[in-house]
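Values in this text are rule-based calculations from the coordinates and carry no lab data. Quantities reported herein were computed from a predicted structural model and do not represent experimental measurements. Note that each Cβ is placed from the backbone with ideal geometry, even for glycine, and that neighbours are counted across all protein chains shown.
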Amino acid sequence: MAKSEHASAVTAIHGSDFESFAASTLFSQGWNVLYRALDWVSLNEFLQGLETQPDVLLISTDLEGLDHQSLHKLTNSGMRIFIFRKSDVDLLQFPDSFAQPTVALELIAMIRGSMRRPMLRVSEPVTQQTRAHVLAIAAAHAGAGCTSLSINIATELSLLAKKVLIIDGNAFSPTIAILLGQQGLNSAKSFQKIANNMWALEVTQENAAESIALLDAAKMEFDYIIIDSGVISELAQVLRGQRWTGEILVWVTSQADELWIIAKSNRVGVERVRKISQALSQNSMKPAISFVQAMSAQGKRGAIYDEAFLAAARTIGPKKILAYPADSRSIAMAENEQTSLYESNERSLLRKSIASLAGEVGG
């Protein structure tokens, strides 16, 4: 059997309601459900006939004929397996089993987590009260100003006497340390204080796993967590992939409160917003989505692109559509001084606009 371009899954779930829920959830997110086994024998026969194992296997503890020894062999083969228990009584026989999720986003978040941890067990979802409001900022295309916006939103929030953590999660082009003249953000085993009320961390391939653990803990420690997520490209593939470069984005889809997508109001920006809106409509996630129209231009041509931008962004019913004006001079000044807009030119229109945007966080 040829390998599909889509992520593949096999279900082996006894209960019809949960099986239908799991399969339909996977279908809705673009997964290719290769087979829906009704018992252990049919599951084994199907798997043995495959040239390439599925990306994920979902099994229920009450599957007819479930064989513990064979199941152990499957888990040792490296296949990503989720075992869902019918009740907590099954924990005695299946200590690594999960409670059956009832919400599609919960199931998808669990599976996305498993794609980067190729073993049986990932963390069981735990509902707990957190302190931090988590805002991820991502760009629809290169050069949109994602990092600059992240730095200045974090700065404005810190000026309100809030404890703020900024994360450089731009796997391909981390630049927060460069723009702020900081060193050691990518080697610290914890967050590094870079200003009053403000801490930072750069995620790298070497510290990705530790950074995710730190982020989980940071939700109880900080008032705001601002994540520079870089350019979002091929969203579905990133969320189903196994590369460390998708670690932060996968975490964002299940843990963040808001995701702001920034794009310029020009031909490229409008086209990228159209594409990312389509991708977002096909991939469920927890954070509320907003669009930020960066550096909107004046004049007739600018108005045309502004209208096209709004039309593209509205297709997914975003929480907000925000905007700020063009001011390349203020940005260049801040970059040259390796500081925020507040410190380089407090009275500039751009700084005031971004301060206003900061007031939208959590609102």
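Using r as the Cβ-Cβ distance of ASP88 and ASN336, and R0 as 56 Å, what FRET efficiency do you calculate, to the nearest 0.05?
It comes out at approximately 0.40.
Quick one: if the Förster radius is 22 Å, what FRET efficiency do SER77 and THR245 give, using the C-beta to C-beta distance and rounding to 0.05?
My answer for the efficiency is 0.30.
Based on other C-beta atoms within 10 Å, arrange SER77, SER353 from fewest to most.
The most exposed by this proxy come first: SER77, SER353.
Need one number: % antiparallel among DSSP beta bridges in the chain, to the nearest 5. Let's see the in-between values first.
On the way: 3 of 55 bridges.
About 5 percent, rounded to the nearest 5.
Express the C-alpha Rg of segment 8-115 as a ratio against the empirical globular expectation 2.2 N^0.38 Å, rounded to two decimals.
The reported ratio for this selection is 0.98.
Give me the number: length gained by fully extending ARG314 to GLU360, i.e. 0.36 nm times residue separation minus the C-alpha to C-alpha distance, one decimal in nm.
Extra length from ARG314 to GLU360 when fully extended: 14.7 nm.
How much net charge surrounds LEU179 when only other residues with a Cβ under 11 Å from its Cβ are counted (Lys, Arg +1; Asp, Glu -1)?
Overall, the nearby charge balance is -4.
Measure of size requested: the Rg and Dmax of segment 231-347, with Cα atoms as the atom set and Å as the unit; please supply both.
Calculated on Cα positions, Rg and Dmax stand at 16.1, 45 Å.
Assuming a ≥ b ≥ c are the square roots of the Cα gyration tensor eigenvalues, decide whether the chain counts as rounded (a/c under 1.5), prolate (otherwise, with a/b larger than b/c) or oblate.
Prolate shape, in that a/c is at least 1.5 and a/b is the bigger ratio.
Around GLU64, which amide H atoms from residues at least 5 apart in sequence, or from another chain, sit under 5 Å from its own amide H, with H modelled in the peptide plane?
Answer set, sorted by chain and number: TRP40.
What are the semi-axes of the equivalent ellipsoid of segment 57-115, taken as the square roots of 5 times the eigenvalues of the Cα gyration tensor, listed largest first and rounded to whole Å?
Each semi-axis is the square root of five times an eigenvalue, giving 19, 16, 9 Å.
Within a 10 angstrom radius of the beta carbon, how do GLU234, GLU156, GLU106 rank from fewest other beta carbons to most?
Arranged by neighbour count, lowest to highest, GLU234, GLU156, GLU106 become GLU234, GLU106, GLU156.
Please give the length that would be gained between LEU160 and ASP62 if that part of the chain were fully extended, namely 0.36 nm times their separation in residues minus their C-alpha to C-alpha distance (nm, one decimal).
Additional length available on full extension: 29.9 nm.
Which residue, TRP260, ILE153, ASN197, has the largest displacement toward the positive end of the dipole of segment 126-262 when charges sit on each Cβ (Lys, Arg +1; Asp, Glu -1)?
ASN197
Using just the helices of the chain, give the 222 nm mean residue ellipticity in deg cm²/dmol: DSSP H runs with n ≥ 4 each add -39,500 (n - 2.57), and the total is spread over all residues, rounded to 500.
Here the helix-only value at 222 nm equals -11500 deg cm²/dmol.
For the chain, modelled as a Gaussian network with Cα springs under 10 Å, which listed residue fluctuates most, LEU71, LEU165, LEU105?
The residue that fluctuates most here is LEU71.
Once R0 is set to 30 Å, what does the formula 1/(1 + (r/R0)^6) return for the Cβ-Cβ distance between LYS352 and ALA142, expressed as a FRET efficiency to the nearest 0.05?
Between LYS352 and ALA142 the formula returns 0.70.
So, in nm, how far is label SER20 from label GLN48 when the simple model puts each one 7 Å beyond its Cα toward the Cβ?
Spacing of the two 7 Å Cα→Cβ label points: 3.2 nm.
Quick one: among ALA140, ALA326, ALA313, which has the greatest mean-square fluctuation in a GNM of the chain with alpha-carbon springs under 10 angstrom?
Maximum among the listed residues: ALA326.
Size of the dipole of segment 1-69 about the Cα centre, Lys and Arg at +1 and Asp and Glu at -1 on the beta carbon, nothing else charged, in debye to 20?
220 debye
Return the Cα extents of segment 179-240 along principal axes one, two and three, sorted largest first, each rounded to a whole Å.
Projected onto its principal axes, the Cα set of segment 179-240 covers 38, 28, 21 Å.
Label points 7 Å out from Cα along the Cβ direction at SER281 and ILE304: separation in nm?
Calculated label separation equals 2.5 nm.
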